[in-house]
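Everything below concerns the one structure shown next.
Just so it is clear, none of the values below were taken in a lab; they were calculated from the coordinates. Just so it is clear, the structure is predicted and the values come from calculations on it, not from any experiment. No Cβ is skipped: glycine too gets one built from the backbone with ideal geometry, and neighbour counts run over all protein chains shown.
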Amino acid sequence: MHMTCAETREFAAVFRPLIADLPSDREVVIAPPFTSIPTLCRHLEGAGVFIAGQNVHWEEQGAYTGMISAPMLIEHGVTHAIVGHSEPRKYYSETDEQINLRARTAQCTGLMPILCVGESLDQREAAETERVIHRQVEQGLEGLDPLRVIVAYEPIWAIGTGKTCAAEEANRICGLIRGWVGNADVTVQYGGSVNPATIDDLMAQSDIDGVLVGGASLDPISFARIANYQVPVWA
């Protein structure tokens with residue numbers, strides 16, 4: 001819940017030239033608030049940036065006050081939709097079943113779902129990390145084409161807490177997710193306090209295909225540095 005339309009215009013003006021020479025193997029997706037989607041689409045048109053919804057409802061229309069449907073997003077040029085983010089799971093008690101319905105609807109309507117999975121600090125300390133994430137992956141991906149979905153591992157305990165997940169541990173979990181999906185070509189991202197200081201090491205890992213960026217994406221210079229990551233020569 002950041003950025004008005006005016007702030008979005010300012011962000012785009014700074015960000016656009018910083019990604020003008022982005023390598024061809026990179027994809028940048030930005031998920032602004034719903035109110036800022038038309039503004040961002042307009043000011044980044046032709047820049048090669050994809051736009052995502054921060055969530056999407058499982059019905060295409062109906063009496064669901066406050067919700068946003070896939071056709072509403074697509075009308076504005078949106079191509080991706082985040083589902084199962086840790087905050088809706090935590091604050092609005094979203095279930096794996098609801099998240100799967102959102103992901104299915106997104107995929108069926110042509111949106112690329114970005115399915116978030118991850119464990120809390122209590123679950124990690126109780127040695128339940130693998131069980132929890134395996135369940136989230138299994139239930140979240142039911143009925144989906146694994147090649148038309150992005151799975152993002154976001155350890156809840158490493159988001160805004162000051163705690164960090166080592167790149168090697170993030171890579172290990174992303175590798176497990178790839179195995180649980182059962183398709184080596186599935187796109188697996190990592191998200192957990194990603195910033196310019198950690199991006200190069202993260203992207204040097206074997207099973208991390210990309211990153212889901214939180215607070216560091218609010219600064220266009222910081223986010224552009226992440227998009228322009230440089231893999232260390234030893235990788």
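At a glance:
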quantity	calculated
Rough spin-label spacing in nm, given labels placed 7 Å along Cα→Cβ, for Leu121 and Ala197	1.9
Among Ile159, His80, Val149 the positive-end extreme of the charge dipole of the chain (Cβ point charges)	His80
Amide H contacts under 5 Å for Val28, placed H, 5+ residues apart	Phe50
Most fluctuating residue given options Leu202, Leu115, Leu18, as computed from a GNM of the chain linking Cα atoms under 10 Å	Leu18
Filtered chymotrypsin sites (Phe, Trp or Tyr not before Pro), segment 52-99: DSSP coil and at most 16 other beta carbons within 10 Å	Tyr64, Tyr92
Rh (Kirkwood; distinct C-alpha pairs) - segment 5-227, Å	17.8
Sum of side-chain charges, Ser69 neighbourhood, beta-carbon under 12 Å (Lys, Arg +1; Asp, Glu -1)	-2
Environment charge at Cys174 (Cβ cut-off 13 Å; Lys +1, Arg +1, Asp -1, Glu -1)	-4
Segment 71-181: proportion of alpha-carbon pairs further apart than 18 angstrom, %	49
